[in-house]
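The values are calculated or read from the model by the stated rules, or taken from the named source; none is laboratory data. Only a predicted model underlies this, so the values are computations on that prediction, with no experimental measurement involved. Note that each Cβ is placed from the backbone with ideal geometry, even for glycine, and that neighbours are counted across all protein chains shown.
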């Protein structure tokens, strides 16, 4: 009776241990990758499901076009001349592991070297994964003479460290995960977060407000995504600017320094690739409303449209500092100063809304591009436009007038693509383009109250 009782207790303990291990591994498997990374992570790229992304890519329109016999015949010769990389062999081995939640991250930058971490959740046993990953490790040892390898023990994990000064690669398993890092300390910290040993559990990337706002704009069915926190780069840029300038302007910041985060994602939808790009930054303009007045310039062939609030008058000082680099830009600002064009003139001459469009008509060899600004005061807008055209002493701008619209055009040097920069100025809008025909047609469309672009279902 006592033996039976001991067997029952032993079975219960074993069952509880198995349940606990399974439940713990499930928590680690389902945890978001951002919970494994430090709050100050600079860059993160993530692919939720390698096999799904591969299958959707092969069903995409771009891949089908690539598989066309004519395209294959065109590419066959250059591809045959290229050496077959070993990566093509390991791609099939990667598919065997069926990677999930594959990620690559830059966690910090120091003067010595950046700290990189990565990993993925694999299918099958650790032995199955090691048969593939072990080959990669052996290839690294073979290709770099003088490479050393050693094993470390940390909290029940075996860490393989490959060192080829100054490069270090540390790898380990935390089933069902495989992790790699260029820094042993960074890999240990990652394991602590995965195994819930980290004392600073609130200092992970998933708790960062900028990151949470960025991923809130990410679709749930994305194929790949990335996140970038530019702070590390902007701080270095600010230090460099302070070092080369004896008296920096108080409160002066660049666009990069204002950005809190940059995030993007791609997904597949019925063979099409849909992208989302998010910039987290303070609102550039507090006064004004985005009316999309330039939308009437769009056509059925428009493939790019941008409308944004940008007060060029407020940015005059910053642009003037960029002009100090020299060249045509510097000459433009010198002519502005000579002509008496100041920041207040910019503010009075043009509205805040900057528009940009790109068309590619079926009967045209090259696309056309347009930039637009609303005109608030014709006299000052003319003064600024004339000062701009006088800055280029190497060429002559011709001026014409048609239906109350002034046109400024110049012929560029002969190149593969004929470019005739043209500016149209009316009492309502300024339109700049690469040829007079596209600009004149845009001027005619600007008088319309309807837009072909806005009527498109895709828009």
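A few remarks follow.
- Among the residues making up segment 202-226, those that are out of contact with any strand residue (DSSP E or B) (no Cβ under 7 Å at 6 or more places or on another chain) and loosely packed, with under 15 Cβ neighbours inside 10 Å are 202, 207, 209, 212, 216, 220.
- Listed by first and then second residue, the pairs linking a residue in segment 54-72 that is at pLDDT 90 or above to a residue that is surrounded by 12 or more Cβ atoms within 10 Å (Cβ to Cβ) and assigned to a loop (DSSP other than H, G, I, E, B), with Cβ atoms under 7 Å apart and 6 or more places separating them unless they lie on different chains, are 56/223; 59/271; 60/271; 61/271.
- Per-region count, segment 157-172, residues modelled with pLDDT under 90 and over 14 Å from residue 186 (Cα atoms): 6
- Scanning segment 76-97 for residues that are exposed (fewer than 11 other Cβ atoms within 10 Å of the Cβ), modelled with pLDDT of 75 or more and either under 30 Å from residue 129 (Cα atoms) or within 29 Å of the chain's Cα centre (by Cα) (or both) returns a single hit, 92.
- Leading residue by the ranking (surrounded by the fewest Cβ atoms within 10 Å (Cβ to Cβ)) among those in segment 175-195 that are free of Cβ contacts under 8 Å to residues at least 60 places away in the same chain and over 27 Å from the mean Cα position of the chain (by Cα): 185
- Restricting segment 387-409 to residues that are in a loop (DSSP other than H, G, I, E, B) and over 26 Å from residue 296 (Cα atoms), the residue that is modelled with the highest pLDDT is 397.
- Matching residues in segment 354-381 - criterion: being surrounded by 17 or more Cβ atoms within 10 Å (Cβ to Cβ), closer than 26 Å to residue 298 by Cα and over 26 Å from the mean Cα position of the chain (by Cα): 373, 374, 375, 381
- Single condition residue 101 does not satisfy, out of (1) at pLDDT below 80; (2) assigned to a strand (DSSP E or B): (1)
- Scan segment 127-162 for residues that are touching a strand residue (DSSP E or B) at 6+ places or on another chain (Cβ under 7 Å), under 26 Å from residue 192 (Cβ atoms) and either exposed (fewer than 14 other Cβ atoms within 10 Å of the Cβ) or without any contact (Cβ under 8 Å) to a residue 12 or more places away in the chain (or both) and the total you get is 4.
- Selected residue (criterion: farthest from residue 274 (Cα to Cα)) from residues of segment 35-56 that are touching a strand residue (DSSP E or B) at 6+ places or on another chain (Cβ under 7 Å) and assigned to a helix (DSSP H, G or I): 35
- Within segment 369-402, the residues that satisfy the criterion of being under 17 Å from residue 437 (Cβ atoms) and in contact (Cβ under 8 Å) with a residue 40 or more places away in the chain are 369, 370, 371, 372.
- Residues that are closer than 13 Å to residue 430 by Cβ and not in a strand (DSSP E or B) within segment 347-386 comprise 349, 351, 376, 377, 378, 380, 381, 382, 383, 384, 385, 386, listed in sequence order.
- Unique residue being assigned by TED's automatic domain parsing to the domain that holds residue 300 and in contact with a strand residue (DSSP E or B) (Cβ under 7 Å, 6 or more places away or on another chain) when the list is 448, 426: 426
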